[in-house]
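The values are calculated or read from the model by the stated rules, or taken from the named source; none is laboratory data. Because the structure is a prediction, the values reported are computed rather than measured. Cβ sites come from the backbone with ideal geometry, for glycine too, and all protein chains shown count toward neighbours.
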Amino acid sequence: MELVALYKRVIGLDVHQAQITACALIEECDGLIRIEQRQFGTFKKDRRALAQWVVQLQPDEVVMESTGIYWKSPYAALRRQAFVQKS
């Protein structure tokens, strides 16, 4: 069974109390997949840096786990950048 990609540019976030780990999978024009991994703190300046990094990559989709309450601040930072849609 072959998997078919639904999105060409995605970012996944692993959110913890003191750290956010981000992994971007970007399909280039030639079909090669580029992987970028970054770690961000959870202070306001770090969440802004995360949102700016996401803006630069122009993803089709950003996903994250909703563990406890820690997802709320990164969600708000991304929402300000218009990446998150209300469900």
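Entry remark, region 3-62: residues being in contact with a Ser or Thr (Cβ under 7 Å, 6 or more places away or on another chain), surrounded by 15 or more Cβ atoms within 10 Å (Cβ to Cβ) and among the charged types (D, E, K, R) number 1 in total.
Cβ separations smaller than 8 Å between residues 6+ apart or across chains give the following pairs from region 1-14 residues that are farther than 25 Å from SER73 by Cβ to residues that are among the hydrophobic types (A, V, I, L, M, F, W, C) and surrounded by 13 or more Cβ atoms within 10 Å (Cβ to Cβ): LYS8/ILE26. Residues that are at pLDDT 95 or above number at least 1 in the following strands (runs of 3 or more DSSP E) confined to region 1-70: 9-15, 20-27, 33-40.
Determine whether region 30-44 contains at least one residue that is small (Gly, Ala, Ser) and under 12 Å from the mean Cα position of the chain (by Cα). Checked against the condition, which is being small (Gly, Ala, Ser) and under 12 Å from the mean Cα position of the chain (by Cα), region 30-44 yields no hits at all. When restricted to residues that are small (Gly, Ala, Ser) and over 10 Å from the mean Cα position of the chain (by Cα), region 1-29 contains 2. Within region 60-74, residues that are within 11 Å of ILE20 (Cα to Cα) reach partners that are among the small types (Gly, Ala, Ser) with beta carbons closer than 8 Å, at six or more positions or on different chains, in the pairs MET64/GLY12.
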